């Protein structure tokens with residue numbers, strides 16, 4: 001673990017950048033620079049960089065930044081409230097071998113993926129009857145959001161069946177091996193439009209920022225613009241949670257299953273928290289909340305384990321942890337370097353059935369999730385291990 005105070009950008013007003021700390025070795029220098037830039041903002045209080053870090057807009061993916069009385073739209077990210085959810089069922093995991101076709105059909109029938117993807121018959125949830133009219137962008141996007149309700153995006157979003165191994169009793173589960181359903185998706189195109197709208201607004205309000213730091217523009221929470229973004233972000237959080245609830249309800253209902261326990265958490269979000277006796281806004285962009293005793297899920301790849309984790313509440317990391325394995329190459333590079341037979345070989349070798357998925361998500365495009373977990377042993381402890389077996393992603 002390395003500590004780095006970075007260098008102050010002379011065009012910014014603060015005398016000294018905020019301190020920050022990194023977990024993991026060999027982190028992308030461009031992601032490190034983005035963390036330095038974030039800590040150079042006048043509103044920055046403290047930062048942390050997770051071991052799955054890679055370059056993003058504004059803050060890096062895997063970046064955690066606490067600021068004072070402000071919110072950075074691209075510190076939250078494009079896919080606002082991207083979320084993990086796991087449902088654990090009182091069913092032997094052997095059902096994957098004996099009834100794999102039925103499990104696969106449930107996912108194929110009850111899920112929808114991809115840019116613009118939506119159901120022919122709209123789903124319903126109370127979140128769509130909330131007030132969407134407080135913001136021009138949420139008002140404009142409400143109909144699209146309803147059309148996409150209960151669906152998943154593209155990229156690394158997925159719904160998958162797998163085997164969950166719980167070695168010791170934990171909240172609501174006795175030690176054992178279970179069938180589990182795991183999903184990863186967020187606020188769809190609506191969240192992206194909210195991010196773009198308010199980031200552009202923040203940039204207009206902060207013309208003093210040099211061009212390379214434009215995506216770090218912030219909105220003060222004592223302003224109408226900042227309060228409006230915050231309300232939109234929280235609405236996207238409830239919308240994302242509704243998407244997962246509908247996915248899990250539909251897939252489990254297709255099979256007549258009822259979960260014993262559900263575990264879920266956001267990443268790509270901002271929270272009001274108190275750290276070192278000071279109230280701050282903590283942005284976790286591609287980072288998992290890891291307060292003491294808090295459960296979360298950190299996925300690997302389509303063939304590698306996901307982990308149910310319990311936070312250790314490490315104050316140096318602002319009570320955060322990684323949100324996945326983290327990319328080691330871009331999507332374009334992955335599509336250039338690998339062919340379908342490369343992916344099929346890995347799937348056969350690991351015993352995973354891929355219903356659909358693109359070459360940009362090949363496991364070889366990601367870091368070793370085992371190494372990522374080892375690098376954050378002081379941030380979380382593993383309570384369960386999930387092995388994917390039937391996976392669906394965007395085509």
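Each value in this text was obtained by applying a stated rule to the coordinates, not by laboratory testing. Quick caveat, the model's predicted, so the values are computed rather than measured. All Cβ positions, even for glycine, are placed from backbone atoms using ideal geometry, and neighbour counts span all protein chains on display.
What the table below lists for this structure:
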item: Value of Rg to Rh for segment 159-257 (Rh from inverse mean 1/r over Cα pairs, i.e. Kirkwood); result: 1.19
item: Helix axis angle, 224-255 relative to the chain longest principal axis, alpha carbon, degrees; result: 10
item: Helix 340-350 vs. the chain, principal-axis angle (Cα, 0 to 90°, nearest 10); result: 70
item: Structure-based [θ]222 nm, the chain - -39500 (n - 2.57) summed over DSSP H runs of at least 4, per residue, nearest 500; result: -9000 deg cm²/dmol
item: Burial ranking of peptide ranges 222-234, 332-344 (average Cβ count within 10 Å, highest at the top); result: 222-234, 332-344
item: Peptides 47-58, 119-130 ordered by average Cβ neighbours within 10 Å, highest first; result: 47-58, 119-130
item: Choice from 262, 40, 185 with maximal GNM fluctuation in the chain (Cα, 10 Å cutoff); result: 262
item: Alpha-carbon radius of gyration plus Dmax, which is the widest Cα pair, for the chain in Å; result: 20.4, 64
item: Rotationally averaged projected area of segment 215-317 (alpha carbon convex hull; nm²); result: 9.2
item: Tilt relative to the chain, helix 29-39 - C-alpha long axis, 0 to 90 degrees, to 10; result: 50
item: More than 25 angstrom apart: percent of Cα pairs within segment 42-190; result: 50
item: Fraction of antiparallel bridges per DSSP, segment 2-393 only, in percent to nearest 5; result: 90
item: Cα centroid of segment 267-296 to Cα centroid of segment 338-380, whole Å; result: 27
item: Taking N as its residue count, the alpha carbon Rg of segment 273-342 over 2.2 N^0.38 Å; result: 1.47
item: Between segment 160-217 and segment 83-123, the alpha-carbon center distance in angstrom; result: 20
